[in-house]
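Inspection log for the structure reproduced underneath, given as structure tokens.
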Amino acid sequence: MIISLEQIKFHSPLGWYDEEQILGSDITVDIEVEISSAKLHDNLSETINYESLYEIISSVVKKPAKLIETYAEEITANVFSKHSPLHVKVKVCKLNPPLSGEVKAACVSLEKSLA
């Protein structure tokens, strides 16, 4: 079974340049978390509450970072440390990155499985 949250929007202190750190950047985060569905019986304690996933993501993206890769790594690590997923996939996109051309988003995706 896969639990997902899509296109979660934040304004975060993210960016390589000092100005970006001060002004912040608009980002989106997508997450997919795979869990075993063998024991689910309509009981929240037998799954991963998507509210918990949102709280993990929100706490990470409130902290300053220079790279979107940093957010992806921290979100993934926190999901594995607080839950027992089989697989996690995180996508972080920086909207309208400061480039010389028009670019909707710069994104990074990270996938990790239970080893």
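Put H41, H83 in order of accessible area, largest first, 1.4 Å probe: what do you get?
Values: H41 135, H83 40 Å².
The ordering from most to least exposed comes out as H41, H83.
Between D42 and S81, with labels modelled 7 Å along Cα→Cβ, what's the label distance in nm to one decimal, could you check?
3.7 nm
Where does helix 68-82 land angle-wise versus the long Cα axis of the chain, in degrees 0 to 90, nearest 10?
Relative to the chain, helix 68-82 is tipped by roughly 20 degrees.
Averaged per residue, what accessible area in Å² does the chain show with a 1.4 Å probe, protein chains only? Each step should come with its number before you reach the end.
On the way: 7150 Å² over 115 residues.
Computed with neighbouring chains in place, this is 62 Å² per residue.
Based only on the alpha carbon positions, what is the Kirkwood hydrodynamic radius of the chain, in angstrom?
On the way: mean 1/r = 0.0676 Å⁻¹.
Evaluated on the chain, it is 14.8 Å.
With charges set only on the Cβ (+1 for Lys and Arg, -1 for Asp and Glu), what does the dipole of segment 1-103 come to about its Cα centre, in debye to the nearest 20? Walk me through the intermediate numbers first.
On the way: 9 positive and 16 negative charges, 35 e Å.
That gives a dipole near 160 debye.
Between V79, V103, V88, find the one with the highest GNM mean-square fluctuation for the chain; connect C-alpha pairs within less than 10 Å.
V103
Quick one: helix 50-61 against the long Cα principal axis of the chain, what's the angle to the nearest 10°, folded into 0 to 90?
30 degrees
At a 1.4 Å probe radius, carbon and sulfur cover how many percent of the accessible area of the chain? Display every interim value, and only then the final one.
Details: 3690 of 7150 Å².
Taking all protein chains in place, the chain shows 52 percent carbon and sulfur surface.
Expressed as a rounded percentage, what relative contact order does segment 21-107 have, with Cα pairs under 8 Å and six or more residues apart?
On the way: 97 pairs, mean separation 34.9, N = 87.
It rounds to 40 percent for segment 21-107.
First obtain the Kirkwood hydrodynamic radius of segment 1-55 from its Cα pairs, then insert it into the Stokes-Einstein equation at 10 °C and 1.306 mPa s, and state the resulting D in µm² per second as a whole number.
118 µm²/s
How big is the accessible area of E6 in square angstrom, nearest 10, if you roll a 1.4 angstrom probe over the protein chains?
Here the accessible area works out near 140 Å².
Suppose only helical runs count, i.e. DSSP H with n ≥ 4. What mean residue ellipticity at 222 nm does that imply for the chain under -39500 (n - 2.57) per run, divided by all residues and rounded to the nearest 500 deg cm²/dmol? Before the final figure, lay out each step's value.
Values: 3 runs with 33 residues, N = 115.
Value at 222 nm, helices only, nearest 500: -8500 deg cm²/dmol.
Give, as ranges by residue number, the residues of segment 58-89 whose backbone N falls under 19 Å from the point 7 Å along Cα→Cβ of E51.
Residues passing the 19 Å test: 58-60, 79, 82-84.
The values are calculated or read from the model by the stated rules, or taken from the named source; none is laboratory data. Note that the structure is a prediction, hence the values are computed from the model and not measured. Counting neighbours? That spans all protein chains shown, and the Cβs are built from the backbone with ideal geometry, glycine included. Note: areas computed on protein heavy atoms with side chains; ligands, DNA, RNA excluded. Shrake-Rupley method; radii C 1.70, N 1.55, O 1.52, S 1.80 Å.
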